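> My structure is below; once you've seen it, I'll send some questions.
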């Protein structure tokens, strides 16, 4: 009897090691992307050293190994994999009825069952378990003891088959270890397509054995304009410091660069495949090819590398050597990459050089083409035929549509200002990936492309039929690296926007809910911290860019996220945790510059600054102008930035009733000046705002009220001014650099609501 009692006691101890009765509330669970269907049940499952996984086919082993490796790194012990059920408590089961990449996950206090029909489904089931585990599962040698997951039943399938992220290696390079780290982020959030932008004007980043100069020389550069800008920004923001590991002494010079050998590319592909991620190579052609033309100058129309007005001179499409060169490169690329697609770029080609080239003009004539756009399409189709012969499909940016697109060509739509490219592709039945500049370019400033904007964006246009919608394979975000000189800065640009993209790519439109997502994000931030990700948090709210006051003013600040502490300075210094801590509203009676920052643990927000300006009323004019319109002057290719925009002596004007780009959409180097009068209906403080891509400036008389200068994505800036009742001169200057473009102006009267600047409050002579 004594021995029986001991055995029973040992059995109960063993069972308690494997199970726990704690039931978890829904508010304690954060899974991103949100599953299709989820039910929480009673109790929870506890992992221990005795936990075993049962697998019965090869498709299940990568997912099982991934879970085992997670535990070995964090808990110090692996989860052993068994090919017999025995005493295994994590059971993998094949279920052919489940759609590709989908999974069924059932967790009870005694067992975990994972069902799927393919390797990806099992893997995503494990990633869900990973997110149900404590965030410390992401930390090596964790001190965590309670490795439990809630009892739950989940059925889950993705919305889109293409759930992508892109990294640009040409402008600034990243190491193979950083690539692997990024692939792990993608795996966690169920993204499955990794687009490697490997070549561009600023550097060639992949070994091509037939053309060794591409990496011997083309992978290295002296300081570029992007490097100069980053170094200047780094004087006040260390996140812009260029990664020293990519500097080398070459030929007696300190040069920046690097490249992946073909063996390293194979290593990346294998690592990605183990995480159910397909690697897509991009080799830009026929434009963005300067790093190749620098070393093989016979490729250009003039036998030398160079620049046009905005973009580099492309390869000559009247020379057979161009076709031979690009196919030689692609032959090595298709042998390296098992992916179905090869991306050839095709964007931002300087066709002006082809207009001047007799060989290109002869090619247009010989092949009965209409123009240079059709010449590029002729090249694209020739390259596509070559890729098809190798079992691959051509992929390119939406410019490839302009001269005609073959039935099998696949397009990445990026130009918000060129929706017709998307519509033409849909009409012709071409597949496409949605990656719009205004929403999914994660190199943009967070204020231009905020977290909520990404989450709320719906990638399938309302006017698409069900048949056309089938051709949208999915979505992708891009991390162009001009202003991303190190991996920490890349993290800052990508996160937490990365998670908003992941949810849109996986979760159905009907199941998405921003408020619910924000609640789950409060828990996800802890996981990002465990992963040592330098994520972005929004700046302090409650603060205008310029605050006007007459006698004194009270400023109330708010933290944008939970568990945040605000610090501020008024002496011109950048605030930190050693600055004054905000505890109550601040009162000002003199003009002051207020700088604020918020911390969530050790993660800091961007600094938010405001000019708190004591003003006197600007006097109104004794005039009776014609109401309802302003005068607008328009110029093209006269200025490069809004601060330089000035009216010519003999300016000619149009009358416009609203301030926007109507009739001038998509024009590069566009400048505008709007002038006239604004009516202040009552004496008081008025707030104005401009939202623009690129820069805009708003003046009342000679006083700048809104400074939204610089070339940037669409950003709203605001400012206040004290006005007497009556008419006041108003001027708005605008400049667009690269052909995107957005402009709107609003105002808010004292005690009024924000409204568009139009109607009877504007006037002209």
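Here, each number is a calculation from the coordinates, and none is a lab measurement. Note that the coordinates shown come from a computational prediction; the quantities given were computed from them, not determined experimentally. Glycine gets a Cβ as well: all are built from the backbone with ideal geometry, and neighbour counts include every protein chain shown.
> Using Cα centres only, tell me the gap between segment 646-684 and segment 571-641 in whole Å.
The distance from the Cα centre of segment 646-684 to that of segment 571-641 comes to 23 Å.
> Which stretch or stretches of segment 450-475 have amide N atoms under 20 Å from the point lying 7 Å from residue 407's Cα along the Cα→Cβ direction?
Backbone N within reach: 467-473.
> Please give the Cα centre distance for segment 214-230 versus segment 249-269, rounded to the nearest Å.
Their Cα centres are 12 Å away from one another.
> First obtain the Kirkwood hydrodynamic radius of segment 626-764 from its Cα pairs, then insert it into the Stokes-Einstein equation at 37 °C and 0.692 mPa s, and state the resulting D in µm² per second as a whole number.
221
> Run the helix sum for the chain: -39,500 (n - 2.57) per DSSP H stretch of 4+ residues, divided by residue count, reported at 222 nm to the nearest 500 deg cm²/dmol. Mind showing how you got there, number by number?
Working: 19 runs with 195 residues, N = 765.
Estimated from H runs of four or more residues: -7500 deg cm²/dmol.
> Another question, if that's okay. Taking neighbour counts of Cβ atoms within 10 Å as a proxy for exposure, in what order, fewest first, do 535, 440 appear?
On the way: 535 20, 440 27.
Ordered by Cβ neighbours within 10 Å, fewest first: 535, 440.
> Here's something else I'd like to know. Any chance you could run the full-extension gain for residue 561 through residue 56? It's 0.36 nm times the residue separation minus the Cα-Cα distance, nm to one decimal.
Result: 177.3 nm gained on full extension.
> Counting alpha carbon pairs within less than 8 Å and at least 6 residues apart, what relative contact order, in whole percent, applies to the chain? Please report the intermediate quantities before stating the final value.
Working: 1754 pairs, mean separation 70.7, N = 765.
Relative contact order for the chain comes out at 9 percent.
> Averaging sequence separations of C-alpha pairs under 8 Å and six or more residues apart, then dividing by the length of segment 612-745, give the relative contact order as a whole percent.
Relative contact order of segment 612-745: 34 percent.
> How many nm separate the modelled label positions at residue 73 and residue 589, each set 7 Å beyond the Cα in the direction of the Cβ?
Each label point lies 7 Å from its Cα, and together they span 5.9 nm.
> While we're here: Would you list 343, 226 from fewest to most Cβ contacts within 10 Å?
On the way: 343 23, 226 18.
Listing 343, 226 from fewest to most nearby Cβ atoms yields 226, 343.
> Contact order normalised by length for segment 546-614, with contacts defined as Cα pairs under 8 Å and 6 or more residues apart; what percent is it?
Across segment 546-614, relative contact order equals 39 percent.
> Points 7 angstrom from Cα along the Cβ direction at residue 510 and residue 143: gap in nanometres?
Once both label points are built, they end up 4.8 nm from each other.
> Sticking with this structure for a sec: Could you work out Rg/(2.2 N^0.38 Å) for segment 546-614, with Rg from alpha carbons only?
Compared with the compact-globule rule of thumb, segment 546-614 sits at 1.10.
> From the square roots a ≥ b ≥ c of the eigenvalues of the alpha-carbon gyration tensor of segment 191-281, which class results: rounded (a/c under 1.5), prolate (a/b over b/c), or oblate?
Because a/c hits 1.5 or more and a/b fails to exceed b/c, segment 191-281 counts as oblate.
> At what distance in nm do the modelled label points of residue 518 and residue 627 sit from each other, each positioned 7 Å from its Cα along Cα→Cβ?
3.8
> Roughly speaking, what is the stretch gain from residue 298 to residue 263, that is 0.36 nm per residue apart minus the C-alpha to C-alpha distance, in nm to one decimal?
Gain in length upon complete extension: 9.7 nm.
> Sort 394, 336 so the one with the fewest other Cβ atoms within 10 Å of its own Cβ comes first.
In increasing order of surrounding Cβ atoms, one gets 336, 394.
> For volume of the Cα convex hull per residue in Å³, several values are listed as (1) 237; (2) 200; (3) 184; flag the one computed from this structure.
This structure yields the entry labelled (2).
> Can you figure out the FRET efficiency of residue 362 with residue 420, using R₀ = 35 Å and their beta-carbon distance, to the nearest 0.05?
0.70
> Between residue 223 and residue 39, what length in nm is gained on full extension when 0.36 nm per residue of separation is reduced by their alpha carbon distance?
60.7 nm
> Let me ask something else. Say R0 is 45 Å: what FRET efficiency, to the nearest 0.05, do residue 649 and residue 320 get from their beta-carbon distance?
Values: r = 52 Å, r/R0 = 1.16.
It comes to 0.30.
> Continuing with this model, one more query. Which of the three applies to segment 278-381, rounded, prolate or oblate, going by the alpha-carbon gyration tensor with a ≥ b ≥ c and a/c under 1.5 meaning rounded?
prolate
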